[in-house]
Protein chains: 2
Amino acid sequence: MSTFNAHDIASAAKTAFQEAQLISSYERVVALHEIWKSLEASKTEILLANEEDLKAAETEVKAGNISGALLKRLDLNRGDKWDSMLQGILDVAGLPDPTGNVSYASELDDELELYRVACPIGVLLVIFEARPEVVVNIASLAIKSGNAAILKGGKESNRTTTLLAKAISAGLSKTSIPELYIQAIQTRAEVSSLLQLDQYIDLVIPRGSNSLVKNIQNNTRIPVMGHADGLCSVFIDENADVTKAVRVVLDSKIDYPAACNASENLILHESVVHTVWPPVAKALLEANVKLLCDPTSLNALEQLSPKLSNFQTLVSPSEPAAYDTEHLDLTLSVIVLPSIESAIQFINSHSSHHTDSIITESDVAASTFCRGVDSAGTFVNASTRFADGFRYGFGTEVGISTGRIHARGPVGLDGLVTYKYMMRSKAPSGHIVGEFGTGKKQYKHKPLNTATVPFLK
Amino acid sequence: MSTFNAHDIASAAKTAFQEAQLISSYERVVALHEIWKSLEASKTEILLANEEDLKAAETEVKAGNISGALLKRLDLNRGDKWDSMLQGILDVAGLPDPTGNVSYASELDDELELYRVACPIGVLLVIFEARPEVVVNIASLAIKSGNAAILKGGKESNRTTTLLAKAISAGLSKTSIPELYIQAIQTRAEVSSLLQLDQYIDLVIPRGSNSLVKNIQNNTRIPVMGHADGLCSVFIDENADVTKAVRVVLDSKIDYPAACNASENLILHESVVHTVWPPVAKALLEANVKLLCDPTSLNALEQLSPKLSNFQTLVSPSEPAAYDTEHLDLTLSVIVLPSIESAIQFINSHSSHHTDSIITESDVAASTFCRGVDSAGTFVNASTRFADGFRYGFGTEVGISTGRIHARGPVGLDGLVTYKYMMRSKAPSGHIVGEFGTGKKQYKHKPLNTATVPFLK
């Protein structure tokens, strides 16, 4: 890629995509196994490059330029990371083909059939952060779903991702899939140029901060499937069970506070302030969760005698901005509201439309909450942490989309396909619309019950 | 709307959307009937306003500022336009509710159920051209699918659309749906301001020229479902039947040349140049179609003796730009290529990925074409003019999307919904993710066979 040219990269990707349209699902699985072999063969070389990336990053950490947390994410030698990266390829290979399925089929007229068929989107431009294994993960997803991909990782992992991409191309070179089907690029300037090429690139998938996603949306005509922040809430309804409340709130907050599906806001129905709230607060404080409380919830805790342990050190009044903050650590903002309606309104204004949960024993409240809350996930008596592609049963995860068009919430392989309509006339003289209309032929629109297109080879 | 403020309009639309989330499908149908009544009651007033719009437009036409074709589109008094506009409301009211359907359901664990449920998108900003009845059409679609909408018509129809919107609001005021659920705006400046408000507006639907769509895509972070040009092709394969070729090519070109699904390019397999091409050309010339021919197709016609009628006046050599031109009239660009592969490549480079058709008797060629052509519609022995929501059996049409994300090709009510995930734990102490993992509980992921969410009221 030394003689870089965004136009060349993008048009090569589009050509590779189009050429690969006739390649079978079976050959795509074979390609994934070839990539697996190729990566295994390059393991030593790649892990050495990764050590170099790590050393360079350590220098940057010492200089205070990047965070220590990034080092962990960068390290491919760590624990079973390499093995699970490789296993991930085989897992994706073994998933059902997301293309070819018919979601609508109709006989428009005798011998005129229409099929809506799942098919790849085209060329994906995927922009992600430090973790180099994402290259392999996304390449697998793209190949399995029949999309070409251009990948841009964090600059700290350049040595690693370059070799990973090289090994992927080497694997592809043993198959009928073009080598340029998966390409890796290195610099942010390249991304800017690629974002202008909507004639070649069909979808941009940024996985990172809100500002990364917004910045990309501001600079491209290409559709963006953003994976950004999560500001999730739990609402304890007036009919809440205390055990469920304690367990779900605690899990939502402490299971993995840095995740986008961790909860940041706790909303209390005013009727539970002296009943359910104290035991919930007790459990949170014992787990070292800092509580930013509105006056009512704070007052309820102040009235308790004796005070809950850690009350003095961990409980403080909230500022208004607290309810719009993704804490990403052991901090929870707490507010008391008079009704489920006001709680729904509050969530719709303050949450990021990611995942929100209600604790309630009432079916009516559960229904009202799930319909009224305008989020990708609306849960009843379950932790917000369940919002995840693997937990949902998709077998893999492209990410968690914070958009609401095309794919919303946890995205599996299905999020990487679109559809096309195929129509075939079997009539002796073909089909024309001029034969239909008032006083002429009428459309039948008879549903056809089929999962595949019969004439596709 | 005299004290205009884009922020007020957009936030009012979002509030109206959220408030209406708990309104039942039945009440939305009632609202459509109220709108129908309200429009009937205002008929005289609206048609008078329409005459004023027409008079003003006639002056503009005489001054050469706008085209005469626009007058036709503006006229609500013309033929059965009013009646069919009103009937359209009842038709939409009678369609199945596009929301509430479950497309994925899984038992993640004993007593933990996950549902993917169709739901409205949110606030739609719809920008369209002269035809004022689109206000009523889009308002009906938005209400039926549970979306709020902000509508901007062509400035030539302002008097008409203002009164149409007023009658719609009057209808809504008799229901539980907020009056600001449907709002009409008047100027382009308002659109520019609204395009910045991605916190309130969820989808922009421009229906117009390519340049309108691109201009909007360039100026917003909000997802855009564009409805732009169509550059469709018919490919006559080496195994084509001559009757089918003549009928389908003619219908694709002449049935309604100004439509986006009319054909602009005709591609001939080189083996049919002296067999199928002459009768096809004869039929086209007799229908007064101007043919812009590449050297091979031109030469084949020149060799004919006697010459086809109209040959001298209607046949001429093509310029390269002809194959990238949406003629929208009785003009067809013709090119000869050596194989189906080169035809597919040509279509993928020159067509607008709208709808393309192959004429062939070969199942292999049909399959190769339908898989290889990267368009929303790939047809076999059928006219490109079939690409249409009504013909596809959707009962209505939002438009024909030229994007490939979310909704592609003709868009019915389904294109105006997204989905959310609902999860409910029925376990005695709720569900938390901390209970799952190595050595702990495992996910069941057992498919649930249901079309609805059992706990939704």
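The values are calculated or read from the model by the stated rules, or taken from the named source; none is laboratory data. Everything numeric here is computed off the predicted structure, so don't read it as measured data. Neighbour counts run over all protein chains shown; Cβ positions are idealised from the backbone, glycine included. To get the accessible areas, we keep the full protein, side chains included, count just its heavy atoms, and leave off ligands, DNA and RNA. Shrake-Rupley method; radii C 1.70, N 1.55, O 1.52, S 1.80 Å.
So for segment A:264-272 (the condition being over 25 Å from A:ARG131 (Cα atoms), open to solvent by less than 10 Å² (accessible area, probe 1.4 Å), away from chain B (no Cβ under 13 Å) and hydroxyl-bearing (Ser, Thr, Tyr)), does at least one residue qualify? No - not one qualifying residue is present in segment A:264-272.
Just one of the listed residues (B:GLY64, B:GLY100, B:GLY88, B:GLY122) is free of Cβ contacts under 8 Å to residues at least 40 places away in the same chain, assigned by TED's automatic domain parsing to the domain that holds B:LYS14 and not basic (Lys, Arg), and it is B:GLY64. When you go through (1) open to solvent by less than 10 Å² (accessible area, probe 1.4 Å); (2) among the aliphatic types (A, V, I, L, M); (3) part of a helix (DSSP H, G or I) one by one for B:ALA165, which number turns out not to apply? Status for B:ALA165: all satisfied but (1).
Exactly one residue out of A:LYS440, A:LYS446 is without any contact (Cβ under 8 Å) to a residue 24 or more places away in the chain, surrounded by fewer than 21 Cβ atoms within 10 Å (Cβ to Cβ) and of a type in the set (Lys, Arg): that is A:LYS440.
Taking the condition in contact with a His (Cβ under 8 Å, 6 or more places away or on another chain), surrounded by fewer than 24 Cβ atoms within 10 Å (Cβ to Cβ), more than 25 Å from A:ALA69 (Cβ to Cβ) and not basic (Lys, Arg), does A:GLU286 pass? For A:GLU286, the condition - in contact with a His (Cβ under 8 Å, 6 or more places away or on another chain), surrounded by fewer than 24 Cβ atoms within 10 Å (Cβ to Cβ), more than 25 Å from A:ALA69 (Cβ to Cβ) and not basic (Lys, Arg) - is not met.
Table: residues versus (1) assigned to a helix (DSSP H, G or I); (2) open to solvent by 10 Å² or more (accessible area, probe 1.4 Å).
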{"position": "B:GLU190", "(1), (2)": "yes, yes"}
{"position": "B:GLN196", "(1), (2)": "no, yes"}
{"position": "B:ILE201", "(1), (2)": "no, no"}
{"position": "B:VAL204", "(1), (2)": "no, no"}
{"position": "B:GLN217", "(1), (2)": "yes, yes"}
{"position": "B:ILE222", "(1), (2)": "no, no"}
{"position": "B:GLY230", "(1), (2)": "no, no"}
{"position": "B:PHE235", "(1), (2)": "no, no"}
{"position": "B:GLU238", "(1), (2)": "no, yes"}
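Looking across segment A:236-289, the residues that are out of contact with any helix residue (DSSP H, G or I) (no Cβ under 6 Å at 6 or more places or on another chain), among the charged types (D, E, K, R) and farther than 13 Å from A:LEU330 by Cβ come down to A:ASP241, A:LYS244, A:ARG247, A:GLU270, A:LYS282. Against the conditions (1) more than 24 Å from the chain's Cα centre (by Cα); (2) buried (at least 18 other Cβ atoms within 10 Å of the Cβ); (3) among the β-branched types (Val, Ile, Thr); (4) closer than 24 Å to A:GLY430 by Cβ, B:VAL242 satisfies every one except (2).
Here is a yes/no grid of residues against (1) free of Cβ contacts under 8 Å to residues at least 24 places away in the same chain; (2) part of a loop (DSSP other than H, G, I, E, B); (3) farther than 30 Å from A:ALA148 by Cα:
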residue: A:THR313; (1), (2), (3): yes, no, yes
residue: A:ALA322; (1), (2), (3): no, no, yes
residue: A:PHE346; (1), (2), (3): no, no, yes
residue: A:SER349; (1), (2), (3): yes, no, yes
residue: A:SER352; (1), (2), (3): no, yes, yes
residue: A:ILE358; (1), (2), (3): no, no, yes
residue: A:SER367; (1), (2), (3): yes, no, yes
residue: A:THR378; (1), (2), (3): yes, no, yes
residue: A:ARG404; (1), (2), (3): no, yes, no
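Filtered by the rule that a residue be of a type in the set (Ser, Thr, Tyr) and open to solvent by less than 90 Å² (accessible area, probe 1.4 Å), segment A:289-323 gives A:THR296, A:SER297, A:SER309, A:SER316, A:SER318, A:TYR323.
Give the residues of segment B:359-374 that are small (Gly, Ala, Ser) and more than 7 Å from chain A (Cβ to nearest Cβ), sorted by residue number. Within segment B:359-374, B:SER362, B:ALA365 meet the criteria. Of all residues in segment B:418-439, those satisfying the criterion of being within 20 Å of B:PRO454 (Cα to Cα) and touching a helix residue (DSSP H, G or I) at 6+ places or on another chain (Cβ under 9 Å) are B:LYS420, B:TYR421, B:MET422, B:MET423, B:ARG424, B:SER425, B:ALA427, B:PRO428, B:GLY430, B:HIS431. Here are A:SER318, A:SER339, A:SER333: which of them is under 17 Å from B:GLN18 (Cβ atoms) and assigned by TED's automatic domain parsing to the domain that holds A:ASN288? From the options A:SER318, A:SER339, A:SER333, the qualifying one is A:SER339. Let me confirm something: among B:ARG404, B:ARG385, which residue is at the interface with chain A (Cβ under 7 Å from one of its Cβ atoms) and out of contact with any helix residue (DSSP H, G or I) (no Cβ under 7 Å at 6 or more places or on another chain)? Of B:ARG404, B:ARG385, the one residue that is at the interface with chain A (Cβ under 7 Å from one of its Cβ atoms) and out of contact with any helix residue (DSSP H, G or I) (no Cβ under 7 Å at 6 or more places or on another chain) is B:ARG404. The conditions of being in contact with a His (Cβ under 7 Å, 6 or more places away or on another chain) and away from chain B (no Cβ under 14 Å) are not met by A:ARG188. Can you tell me which residue within segment B:350-375, out of those that are more than 19 Å from B:CYS260 (Cβ to Cβ) and open to solvent by 40 Å² or more (accessible area, probe 1.4 Å), is nearest to the chain's Cα centre (by Cα)? Only one residue tops the list, namely B:ARG371. For segment A:189-203, what are the residues that are in contact with a strand residue (DSSP E or B) (Cβ under 8 Å, 6 or more places away or on another chain) and more than 12 Å from A:ALA148 (Cα to Cα)? Scanning segment A:189-203 gives A:GLU190, A:VAL191, A:LEU194, A:LEU195. Inside segment A:415-435, can you point out the residues that are facing chain B (nearest Cβ under 7 Å) and free of Cβ contacts under 8 Å to residues at least 40 places away in the same chain? Hits for segment A:415-435 are A:SER429, A:GLY430, A:ILE432, A:VAL433, A:GLY434.
Does B:ALA184 qualify as being in the same structural domain as B:GLU129 (by TED's automatic domain parsing), outside any loop (DSSP other than H, G, I, E, B), in contact (Cβ under 8 Å) with a residue 40 or more places away in the chain and open to solvent by less than 40 Å² (accessible area, probe 1.4 Å)?
Yes; evaluated as a whole, the condition is true for this residue.
In segment A:380-398, the residue that is nearest to the chain's Cα centre (by Cα) out of those that are surrounded by fewer than 24 Cβ atoms within 10 Å (Cβ to Cβ) and touching a residue at least 40 places away in the same chain (Cβ under 8 Å) is A:ASP388. Taking segment A:406-428 as the range and being assigned to a strand (DSSP E or B), open to solvent by less than 30 Å² (accessible area, probe 1.4 Å) and of a type outside the set (Gly, Ala, Ser) as the test, the residues that pass are A:PRO410, A:VAL411, A:VAL417, A:THR418, A:LYS420, A:TYR421, A:MET422, A:MET423. When segment A:338-358 is filtered for residues that are under 18 Å from A:GLY403 (Cβ atoms) and more than 10 Å from chain B (Cβ to nearest Cβ), the ones remaining, listed by number, are A:SER351, A:SER352, A:HIS354, A:ASP356. Being in a helix (DSSP H, G or I), within 30 Å of A:GLY437 (Cα to Cα), out of contact with any Phe, Trp or Tyr (no Cβ under 7 Å at 6 or more places or on another chain) and open to solvent by 10 Å² or more (accessible area, probe 1.4 Å) is a property that does not hold for B:LYS253.
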